[in-house]
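The values are calculated or read from the model by the stated rules, or taken from the named source; none is laboratory data. Remember, it's a predicted structure, so these values are computed and weren't measured experimentally. All Cβ positions, even for glycine, are placed from backbone atoms using ideal geometry, and neighbour counts span all protein chains on display. We work out accessible area using only protein heavy atoms, side chains counted, and drop any ligands, DNA or RNA first. Shrake-Rupley method; radii C 1.70, N 1.55, O 1.52, S 1.80 Å.
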Amino acid sequence: MIKSAALAVFALLSAAAAQAEPYVLYKDAILIDGTGAPPKGPATILVKGERIERVWFGNELAFKLPPDSKVVDAAGLYVLPGLINSHEHLATPPNRPFAEAQLKRDLYGGVTGQRDMADDLRQVADLARASRVGEIPAPDIHYAALMAGPDFFKDPRTHAVSAGATPGRTPWMQAIDARTDLRTAVTLARGTSASAIKVYADLPGARVKAIVAEAHRQGIPVWAHAAVFPAKPSEVIASGADALSHVCMLAYEVSDPVPGAYHDRAPVDEARLGQGDNPVIGKLLGQMKAKGTVLDATLFVYEGLDRRAAANPKAKPYCTLAVAARLTDQARRAGVTISAGTDGFSPPEDPYPGLYQELDLLVKTAGFTPLQAIQAATEGGAKSITRDPDFGTIAPGKLANLMFTAKDPSADIGALRTVVLTVKRGVAYPRSDYDPKADLAARKED
């Protein structure tokens with residue numbers, strides 16, 4: 001009796017809370033829905049609480065709104081899904097003011113979600129919690145626990161993110177070998193509340209496949225480097241990993257030999273790629289499309305490598321932007337789902353997120369239209385996180401993650417810099433409330 005009465009009270013409270021969620025109407029914007037479809041409008045988006053309840057066009061309205069509903073006149077603006085950066089590192093090493101400043105700049109620049117690709121999860125988990133409950137202005141953070149071969153843990157970064165513990169022996173950074181009980185290892189990774197496991201380096205193909213199989217058995221996705229050394233790209237793709245990072249690593253499939261370890265990587269052999277579309281790469285891309293594997297291209301990384309090589313000609317990068325752009329273009333034409341990730345940040349003085357630079361590169365170097373670049377940063381980014389996302393596009397039932405711009409980004413990707421409003425989970429963050437100079441010092445890395 002007591003239990004049933006408590007359940008009845010809970011149901012009443014839940015119903016009352018649902019009724020109390022305010023309606024907000026964003027009226028008469030031009031809609032870019034994130035699926036790659038052309039702009040359409042004027043459109044009106046009805047938001048209740050943190051979700052989109054309805055979307056309609058013109059004067060179509062089949063119901064009466066409650067009197068306390070808020071109407072936002074968005075006429076003359078363009079609305080697209082909140083952007084998603086599919087590759088960031090917020091805590092290598094941990095620096096809370098730096099991370100919060102980057103997250104704030106991202107959010108006020110229209111970024112409402114991101115993948116953190118393995119860091120000190122003790123801090124990242126708290127940042128994710130603080131963002132989710134509204135303690136800090138930040139995108140939603142979806143983060144990975146890392147697995148790699150024992151030899152990888154000589155990398156100084158693993159020491160920076162494991163301070164106070166033994167690198168390779170923490171739930172968020174585990175050394176995996178033939179003796180590892182993978183069921184326990186995956187369970188420990190899940191205990192960090194990670195969204196996925198990241199397979200990083202120094203693992204043979206059979207071990208990558210075993211990790212992916214156990215992770216999927218326990219219901220958690222796997223994000224991997226496109227080459228795990230000595231595991232070749234073809235082995236990583238065959239393992240069933242859900243998303244692959246760093247497009248240039250696909251070129252190691254035609255290397256001879258494939259590097260045996262992450263820290264012993266030779267530059268990719270551009271001559272072996274030949275001219276035009278490489279058929280070996282084409283076969284890999286066909287397998288990725290068939291499996292629904294997402295490619296996190298990270299052109300931003302290769303542009304940075306080019307800059308460093310220009311400053312120091314003796315430091316030959318493992319891959320160039322030209323090769324990365326060529327492979328990304330081939331992937332796009334092969335129908336592979338591509339996400340937009342940076343694996344880095346824009347300069348501290350830049351008032352906008354580094355993700356804008358990644359989208360610029362997709363358009364200027366890899367043959368993407370602005371709409372395709374937007375899709376990579378919305379629907380593609382969402383699919384890099386989970387196979388069945390409730391965000392990343394504008395549709396009823398999806399999270400109310402929205403970005404409003406004054407100019408049309410489907411005509412000019414640079415128009416993202418006219419952002420006037422971000423909405424994350426129904427909460428509005430006007431660009432006018434953001435002062436990029438206030439956090440400039442915090443955005444400078446030590």
Query raised in the report: Can you list the residues, at least 5 places off or on another chain, whose amide H is less than 5 Å from the amide H of residue 86, using H built in the peptide plane?
Result: 115, 340, 341, 342
Query raised in the report: So for segment 149-294, Kirkwood radius off the Cα pairs, Stokes-Einstein at 10 °C and 1.306 mPa s: how many µm² s⁻¹?
Result: 100
**Report entry** MRE, 222 nm, helices only [DSSP H, n ≥ 4, -39500 (n - 2.57), over the chain, to nearest 500]
**Finding:** -9500 deg cm²/dmol
Report summary line: Among [x] 1.23; [y] 1.05; [z] 0.99, the entry matching Rg/Rh (Cα atoms, Kirkwood Rh) as calculated here is [z]
Report task. Show me 388-396, 320-328, 266-274 ranked by packing, highest mean number of other Cβ atoms within 10 Å first. Result -> 320-328, 388-396, 266-274
Query raised in the report: From the square roots a ≥ b ≥ c of the eigenvalues of the alpha-carbon gyration tensor of segment 150-208, which class results: rounded (a/c under 1.5), prolate (a/b over b/c), or oblate?
Result: oblate
Report summary line: For residue 294, the residues 5 or more places away or on another chain with a placed amide H closer than 5 Å to its own amide H are 243, 244
Query raised in the report: What does the charge count near residue 186 come to, summing +1 for each Lys or Arg and -1 for each Asp or Glu among other residues with Cβ under 10 Å from its Cβ?
Result: +1
Requested in this report: Extending each Cα 7 Å along its Cβ direction at residue 73 and residue 406, get the distance between those two points in nm, one decimal.
Outcome: 1.7
Query raised in the report: Among residues other than residue 270 whose Cβ falls under 13 Å from its Cβ, what is the net charge (Lys/Arg +1, Asp/Glu -1)?
Result: +2
Requested in this report: Using a 1.4 angstrom probe on heavy atoms only, work out the carbon and sulfur share of the accessible area of segment 62-117 in %.
Outcome: 57
Query raised in the report: Rounded to the nearest 5, what is the percent of antiparallel bridges among the DSSP beta bridges in the chain?
Result: 45
Query - For segment 144-152, 3J(HN,Hα) per residue [Karplus equation, 6.51 cos²θ - 1.76 cosθ + 1.60, θ = phi - 60°, Hz, x = Gly/Pro] - result: 10, 8, 9, 10, 8, x, x, 5, 5
Query raised in the report: Using modelled amide H (1.01 Å from N, peptide plane; none on Pro or chain starts), what sits under 5 Å from the amide H of residue 30, excluding residues fewer than 5 places away?
Result: 43, 76, 77, 78, 79
Query raised in the report: Ordering 27, 424 from largest to smallest accessible area (1.4 angstrom probe), what's the sequence?
Result: 27, 424
**Report entry** Phi-based couplings in Hz for segment 39-48 (Karplus 6.51, -1.76, 1.60; Gly and Pro marked x)
**Finding:** x, 9, x, x, 10, 10, 10, 9, 10, 10
**Report entry** Gyration tensor (alpha-carbon) shape descriptor, segment 250-387, a/c threshold 1.5
**Finding:** oblate
Report summary line: Convex hull around the C-alpha positions of segment 37-136: the volume in Å³ per residue is 135
Query raised in the report: Of the peptides 203-209, 346-352, how do they stack up when ordered by the mean number of other Cβ atoms within 10 Å, highest first?
Result: 203-209, 346-352
Requested in this report: Whole Å is fine, so just give me how far the alpha carbon centre of segment 224-265 lies from that of segment 101-164.
Outcome: 24
Report task. Using 0.36 nm per residue of separation minus the Cα-Cα distance, give me the extension gain between residue 438 and residue 349 in nm, one decimal. Result -> 31.0 nm
Report task. For a quick protection proxy, order the peptides 108-120, 45-57, 231-243 by their average other-Cβ count within 10 Å, most packed first. Result -> 108-120, 231-243, 45-57
Query raised in the report: Is segment 406-446 rounded, prolate or oblate when judged by the Cα gyration tensor, a ≥ b ≥ c being the square roots of its eigenvalues, rounded requiring a/c under 1.5 and prolate requiring a/b larger than b/c?
Result: oblate
Query raised in the report: From the phi of every residue in segment 246-256, what ³J(HN,Hα) in whole Hz does the Karplus formula 6.51 cos²θ - 1.76 cosθ + 1.60 yield, where θ is phi - 60° and glycine or proline is x?
Result: 6, 4, 4, 5, 4, 5, 5, 4, 9, 6, 9
